[in-house]
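Below is one structure; the comments refer to it alone.
The values are calculated or read from the model by the stated rules, or taken from the named source; none is laboratory data. Just so it is clear, the model here is predicted, and its values are computed rather than measured. Glycine also receives a Cβ, built like all others from the backbone with ideal geometry; neighbour counts cover every protein chain displayed. SASA here: full protein model, heavy atoms, side chains in, ligands and nucleic acids out. Shrake-Rupley method; radii C 1.70, N 1.55, O 1.52, S 1.80 Å.
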Amino acid sequence: MKDFKPENYKWWQKEIVYQIYPRSYRDKDGDGIGDLPGIIEKLDYIKDLGIKVVWISPIYPSPMADFGYDVSDYTAIHPMFGTMQDFDKLLDEIHKRDMRLILDFVPNHSSNEHKWFQESRSSKDNPKRDWYIWKDPAPDGGPPNNWGSVFGGSAWEYDENTEQYYYHAFLKEQPDLNWRNPEVQEAMFNVLRFWLEKGVDGFRVDVMWHLIKDAQFRDNPPNPDYTEDKSPYDKHLQAFTTDQPEVHDIVEKMRSVIDEYDARLLIGEIYLPVEQLVEYYGKDNRGAHLPFNFQLVLLPWDAREIEAAINKYEGALPPGGWPNWVLGNHDNSRIATRVGAKQARVAAMLLLTLRGTPTIYYGDEIGMEDVPIAPDQVQDPQEKNIPGKGLNRDPERTPMQWDSSENAGFTNGKPWLPLMKNYKELNVEKEWNSEESMLTFYRKLIVLRQKEPALQIGKYRPVLTEGNLLAYIRSSEEKEIFIILNLGNSGEIMDTDIPFSEAVILASTHSLREGEKLKSTIKLQSNEGLIAEIEK
Ligand code: NOJ
Ligand code: MG
């Protein structure tokens, strides 16, 4: 058992990850879309927040059918975001600040405009034909099987030129690469090496659990729990399209490439139940360092559900597997909208006191909410293809709110998505100097987490409670820290089974309580959370 000395832990175990959706962070050239020079301008802000790891969603050349998750050149920068010189400068400026850069790697599919796909589709005997997944039509001329696209409709697109179908788990503009082909593996590993050589500190791998599909192309079974309000993709269980056993060999190979370089990080985007998720740590932890854990994004905001999930996750982690927690991202409704502005503070306290690397989605630190998008403003292809089911991802992708000036200091041009109406109140500039703001609260939590080994790397143990309360203890050799959160909208009292006689409040969602001593009965107001040091 390792002791709780920060120097014995890796940087990615100790630091906090901050996700930037580059189209929406800061637009420097005035085209209404965020860019790399814009991010460079804001690095001091991120650093002053106490965050050292920045993950940027895709910045590569792309026709933007899925806003960059359709890559047409894996080793270049989209001119809209800047030049390779801008990228080199960004990386340099990040490293100068003792920070790290994580790039988004999108290996499951390329853009249909990628030259590999252009070659692949040109003829059946093209050397790159097998780089993608081509199949003959079913006997009736229809798609080869019942596999559906995440973005609606069949996952198979007919290509008249060669009279075969190609597979696309997402848009038809995003054909899936054939990861069973060793040439594809090598080409993609060389992409990783290209960026690693430049000094990039790691990757977040897009849809890691999708990489391998059933070799026999068997039909997916119907989902017995499907209801009409869900996406048509959910009509079937993804038994043969995702999480195939052979995917773990690919992940292990990817990790070996990462390990050719010193101290780099492999994060996997994986939406799976915990038992399957933890498999992505790989045999003897030779898989992803951090298979993203999305439980706080997916679960109902209920103390009992979340308590069960934390403990189940803790119990399921393989020996040596490091946990992680995500509260929001560019694919899901923002936390302040899901749980309300007041409860979002409790959520922040939870994220930053659980054991494991936290990931913060840009804007959540100032309490940004989903922005309503009028039908004629919709950009997201998911909403365009499957309208009216609440699947639009534009609301959580709106521009960062920097100040009270026009367009919140995001752009001098016309922002690609609308801004939140109340940006004049809710912005970085206003919140930075306000005692009671969400931003000040986040900063306090980050400072506390980063200076207390008990919170940063310490052990976790549950303190079982009832009702809307969630409580646990984080501990190092020296310290025990008690966290108690009220996930509800009414006052709660905890008066039994407190595992200490006295504790001093270090941080609170309601800042007046800092320094107060907790005794046998703890009263919590609605939406209140406390972090307290147990007196030994
Ligand atoms: C997951 C990404 O987070 C999402 O934004 C994208 O649409 C799909 N993968 C397809 O790449
Ligand atoms: Mg721009």
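Show me the ranking of peptides 175-184, 4-13, 201-210, 216-225 by mean Cβ neighbours inside 10 Å, starting with the highest.
201-210, 175-184, 4-13, 216-225
When the convex hull of the C-alpha atoms of region 54-161 is computed, what volume per residue in Å³ does it have?
122
Of the accessible area of region 367-521, with the probe set at 1.4 angstrom, what percent is carbon plus sulfur?
49
Give the whole-number value, in cubic angstrom per residue, of the convex hull volume spanned by the C-alpha atoms of the chain.
Dividing the Cα hull volume of the chain by its residues yields 150 Å³.
In whole Hz and in residue order, list the ³J(HN,Hα) couplings for region 165-173 that follow from phi through the Karplus curve 6.51 cos²θ - 1.76 cosθ + 1.60, θ = phi - 60°; x for Gly and Pro.
9, 10, 8, 9, 5, 10, 6, 5, 7
Taking only protein heavy atoms into account and a 1.4 Å probe, give the accessible area per residue of the chain in Å².
Heavy-atom SASA per residue in the chain reads 39 Å².
Pull up all non-local amide H partners of Val53: gap of 5 or more, or a different chain, and H-to-H distance under 5 Å with H placed in the peptide plane.
So Val53 has HN proximity to Ile16, Tyr18, Arg100.
On a C-alpha basis, how far is the centre of region 360-402 from the centre of region 230-302 in Å? Whole number, if you could?
Each part reduced to its Cα centre gives a spacing of 25 Å.
Please provide three numbers in whole Å: the alpha-carbon extents of region 115-167 along the principal axes, with the largest listed first.
Dimensions of region 115-167 along the principal axes of its Cα atoms: 28, 25, 15 Å.
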